[in-house]
Amino acid sequence: MATSTSVSKGKGATVVKEVVDTINSLGIFANDHKFLCRVAWVESKYGEASGTYRSGYHGGIWQVGLFWLF
């Protein structure tokens, strides 16, 4: 059975919570004070905003483009 995080173009608070919980379980960030959740909300309203999955852009819920990776 697929989790909501493995579904293409997933959206919603459940997806954000599952992804953030997975990242937090790795111990990468001490306490991010819900920073990743806040970014997801500001950038795409947890993927619910109409432009989240626009054609030619693959930034997803967090709207992370190539600019941020290099």
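For region 8-21, a residue qualifies if it is open to solvent by less than 80 Å² (accessible area, probe 1.4 Å) and in a helix (DSSP H, G or I), and the qualifying residues are 13, 15, 16, 18, 19, 20, 21. Filtering region 52-67 down to residues that are of a type in the set (Val, Ile, Thr) and touching a helix residue (DSSP H, G or I) at 6+ places or on another chain (Cβ under 6 Å), which residue is nearest to residue 5 (Cα to Cα)? Ranking the candidates gives 61 first. Taken across region 56-63, residues that are surrounded by 15 or more Cβ atoms within 10 Å (Cβ to Cβ), part of a loop (DSSP other than H, G, I, E, B), under 12 Å from the mean Cα position of the chain (by Cα) and β-branched (Val, Ile, Thr) do occur, with at least one present. For residues that are over 15 Å from the mean Cα position of the chain (by Cα) and of a type in the set (Phe, Trp, Tyr), tally how many sit in region 29-55. Qualifying residue count, region 29-55: 1. Each residue in region 22-51 was checked for being open to solvent by 100 Å² or more (accessible area, probe 1.4 Å), assigned to a helix (DSSP H, G or I) and either in contact with a Leu (Cβ under 9 Å, 6 or more places away or on another chain) or within 20 Å of residue 4 (Cβ to Cβ) (or both), and 2 pass.
The values are calculated or read from the model by the stated rules, or taken from the named source; none is laboratory data. These figures come from a predicted structure and were not determined experimentally. Because the Cβ atoms are built from the backbone with ideal geometry, glycine has one as well, and the counts that use them run over all protein chains shown. The protein model used for the area step is the full one, side chains on, heavy atoms only, and it has no ligands, DNA or RNA in it. Shrake-Rupley method; radii C 1.70, N 1.55, O 1.52, S 1.80 Å.
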